[in-house]
Each structure stands twice: as structure tokens, then as C-alpha cells.
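The structure appears below as C-alpha cells.
The values are calculated or read from the model by the stated rules, or taken from the named source; none is laboratory data. A quick note: this is a predicted structure, and the numbers were derived from the prediction, not measured. We place every Cβ from the backbone using ideal geometry, glycine too, and count neighbours over all the protein chains shown.
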Amino acid sequence: MFVDFAKIYIKAGDGGDGAITFHREKYMPCGGPDGGDGGKGGDVIFLVDKHLNTLKNFRFKKKFVAQNGDNGRKNNCSGKNGQDLVIKVPNGTIIRDIKTNKIIADISDENSHIIAKGGRGGWGNFHFKNPTRQAPRFSKPGLLGEEFEVSLELKLLADVGLVGFPNVGKSTLISVISNAKPKIGDYQFTTLIPSLGVVEKEGLSSFVVADIPGLIEGASKGKGLGHKFLRHVERCRLLLHLVDVSCVDDSDPVEKIKIINKELGSFEKGLEKKPQIVVATKIDVLSKEKIEKLREYVEKKNIPFFLISSLTKKGLDELLICIDRTLKKLPKILTYEKEMLEKEENFRSNFEISKKDGVYYIKATWLYKIVNNMDIYELENLRHLQKILKETGIDDRLKEFGVEKGDTVNISGYIFQYEY
Ligand SMILES: Nc1nc2c(ncn2[C@@H]2O[C@H](COP(=O)(O)OP(=O)(O)OP(=O)(O)O)[C@@H](O)[C@H]2O)c(=O)[nH]1
Ligand SMILES: [Mg+2]
């Protein structure tokens, strides 16, 4: 089963909490603080697996959570880091944040991509010891791991895409020029899913070809197999537009070219303008009339034109040489830039306030991170925090909820008294 789109939930591990412990030893009644730091939460990492060519592994399993870091322990022992979670995807998988629809990453190289970062472990109370504070009874909790609802979209990576009506000989061509072994049949829609083949020929650079299921008029409106598979030619550098010129059917080859180009354009504007080579197929049983009509049309348009027979192999070498030369002049395979640059950007307007038993609860991941990174038991830090609350509109909302000086405010477990 070919699946090229999926939605999943990913969450990195939370950092472990710092410990609040004190050194205990016989004859040493007042040992200092010795609470160790929490371990880091595991990251969620995406990696290409060359053996995968569909996203079918994500059809039923939808939740991917990396391990949390362990809490710190006494004797200054740090908690163990949470294990990273590695998710393997086919080459060419684009990850988007569902909330913003922005691209987080294009997984189309050999690198490991950290998509959700594990939270840092919190400091143990050992770090908070200073000359005036010998026995700190607080530590920091670990930071929360990042979490996202993401979509995975596979857009195959190929240099050359084969497009055309069903039954024109696309799969037969890829089977004779590459290592691919597709199903071939004398009926329409033999190919039901896109597949890739690698062409390796002495004297030429190797390149990847994508066999795409056949298109028909109205594919953009769902006719035939529809045009959903065209997402897999989006990245192709060059299209081979195959037209059947055999005498077996009496269709107009020029009309056929126009229809396919129209379908390409209606899938994505500009797709029909991708560099093309028009390939007339099945010339072992050619119709002279059809060829002449086609030649006149493509030459007028200045599109390279080749005649081939995959059966007798006539014209294949010339075609491959032309593909090789053309690819050398074309830009590399399209990869998508990350659009989601600063994940924190919108965070600041993202908060929730609630009141329960006289306590005001503020829920905001970004704020939690800030609080976690400061010692709010220091007056100076507390002032800074209240300034942030004012700047971000949280303060106004607290007032709407009726907060007054001296009331208790709770930010994810950090409790302080409202000052303004
Ligand atoms: N005579 C002749 N027949 C060919 C040639 N190439 C392909 N065929 C035949 O044309 C028919 C269709 O070939 P396919 O390669 O399956 O066509 P396709 O374009 O992949 O078709 P879809 O997968 O349905 O889109 C098969 O019966 C092939 O044997 C050729 O060069 N000469
Ligand atoms: Mg086919």
C-alpha cells in the first residue's frame, strides 16, 4: 500500500527535575546541599531510511513520544538522560507543523534532523548554594520537551519524471533503462503507485527516474486515478512527456500533449512549464501521420523530440544522452527550506489563565521556560518576571480575573505573590 501523507503527534522527553537533598554523614550534622541535576529529555529525530518508499508505517501508529530524563538524585548524582526517539521516513518526506502549516524540515539527506528538542534537566539544589544561602530548599524542575502535531508528506526525489496518458509505455521504458521492475500491461492504469528507478549507463552520470501513474483528461477533477500522484513530479528536474504514436489507436497526439500539460498546470501552476522532452513511443508499430503532426507541433514550440521503441530499443541511447546533457544544465533537485524559523515567535500571545480556590494559574509553555531558567526566589528576578507579565498582556488578563496584591499566582508549579 502506498501512503504519501500522514498526520502524527510527536513529543520530546521532558527534562528531569533537580533534586533537593542534603549531605548526610555520621558526625557531620550539617552537610551541604547535594541534590543532583535532572537528566535531559530525549529528542525526536527524523532520519531517512533508503529502504522505505511510503509512509504506510504511520497509518495506524500516530503517537511518538521520546523518553523523559530522570530526576536528579542525592550525592550530586545527575539523572539519566532520556533516550532519543528516531523516526525513519522515506527520502523526500516534508514535515509541517499542523497549526501553522509551515515547513519544519525536508528530510531528504543523510543527516539526522532533530524535530522536537528534549527539555533540559533542572538544576539540583547544589547549584543554589552561596555564602548567604547555605541550605537552599529548592531546585529547578526540568524543562518540558517540545511537542507538535505534524503532517508528513512524501514528495519523491527524482531527476526525471515520466508523464503521459495510461498505456503509452512509461513503465516499459523505465524497465529497460533502469533497475526498476514495474508491472507492465496492455490496459490502462497498470501502474497504480509511483515508483523510482536508477539509470546507470557507461559514460553518463547516473540519474533517478520516477514512473508516475497515467493521467487522463479531468484527472484534476478526480478522473482515472486523479492527479494526486503529481506531487511526486513536483521536485523532478525534467519531465519526459510520453506520447503513443503507434498505429494501434487513432487519437490525435498533439491533443494528448495539450491535455496532459493542462492537467499538470491545474495541479500546480507552472508545473506544465517544467523542462520537458517529448518522447514518441512504440515506433516499431508507428503511424507516420501521427509522428509528422507531433513533430511539427513540438518543433514549433522548440521542445526536444525523440522517437523510441522500448521493445526494439531503438532511439533509447540518443534519448539517454540527451537526458544526461539536459540534467547537467538544470538546477539540482528542489529541496524545501525550513519555514518555521523561530518556534517561540507566537508563543508569547499563547497563554491560559484560570482561577481555583483563590489561586491564579497561568499556563504557557514559553513562560514556564523563562521561569525555569531563573531563580524567582530572588527579588530581582521576581521583578523581572512581573515585567514580562505586564509586557505580554498576562498582567491585564490577571486583573480581569480580579487579581490583587498579595494573591497567589502559580506558573506550572512556581508559586509567588502578586506584587502590583
Ligand atoms: N509495440 C510496442 N509496445 C510497447 C512498447 N512499449 C510498451 N508497449 C506496450 O504498451 C502496453 C502498455 O505499456 P506500459 O509500460 O504498461 O504503459 P504505461 O504507460 O506504464 O501504462 P499505465 O501504467 O497504465 O499508465 C504494454 O502492453 C506494453 O507491452 C513499444 O515500444 N512497442
Ligand atoms: Mg505503467
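Taking every residue in region 231-243 that is over 30 Å from K288 (Cα atoms) and pairing it with any residue that is among the charged types (D, E, K, R) and part of a strand (DSSP E or B), at least 6 positions away or on another chain, the pairs with Cβ-Cβ distances below 8 Å are R231/E153. Per the conditions (1) touching a strand residue (DSSP E or B) at 6+ places or on another chain (Cβ under 9 Å); (2) within 16 Å of ligand 1 (Cβ to nearest atom), the sole criterion not satisfied by Y187 is (1).
Taking region 272-303 only, how many residues are part of a loop (DSSP other than H, G, I, E, B) and surrounded by 17 or more Cβ atoms within 10 Å (Cβ to Cβ)?
Here is the first cut: in region 272-303, the residues part of a loop (DSSP other than H, G, I, E, B) are 274-275, 282, 287, 301-303.
Filter again for surrounded by 17 or more Cβ atoms within 10 Å (Cβ to Cβ), leaving 274, 282, 287.
The number of residues fulfilling the criteria is 3.
Pairs meeting the criteria (first residue in region 312-329 and under 12 Å from V279 (Cα atoms), second residue hydrophobic (A, V, I, L, M, F, W, C) and assigned to a loop (DSSP other than H, G, I, E, B), beta carbons under 6 Å, at least 6 apart or on different chains) are G315/I308; L316/I308; L319/I308. Being part of a helix (DSSP H, G or I) and surrounded by 17 or more Cβ atoms within 10 Å (Cβ to Cβ) is a description that does not apply to L239.
Please work out if F165 is surrounded by 18 or more Cβ atoms within 10 Å (Cβ to Cβ), more than 16 Å from ligand 1 (Cβ to nearest atom), in the same structural domain as R325 (by TED's automatic domain parsing) and modelled with pLDDT of 95 or more. I'd like the intermediate steps shown before the answer.
Working: surrounded by 18 or more Cβ atoms within 10 Å (Cβ to Cβ): yes; more than 16 Å from ligand 1 (Cβ to nearest atom): no; in the same structural domain as R325 (by TED's automatic domain parsing): yes; modelled with pLDDT of 95 or more: yes.
For F165, the condition - surrounded by 18 or more Cβ atoms within 10 Å (Cβ to Cβ), more than 16 Å from ligand 1 (Cβ to nearest atom), in the same structural domain as R325 (by TED's automatic domain parsing) and modelled with pLDDT of 95 or more - is not met.
Going residue by residue through region 243-261, is there one that turns out to be over 18 Å from G169 (Cβ atoms) and within 16 Å of ligand 2 (Cβ to nearest atom)? No - not one qualifying residue is present in region 243-261.
Only strands (runs of 3 or more DSSP E) whose full extent lies in region 159-224 are considered here, and the ones with at least 2 residues that are closer than 26 Å to L55 by Cα and within 11 Å of ligand 2 (Cβ to nearest atom) are 160-164.
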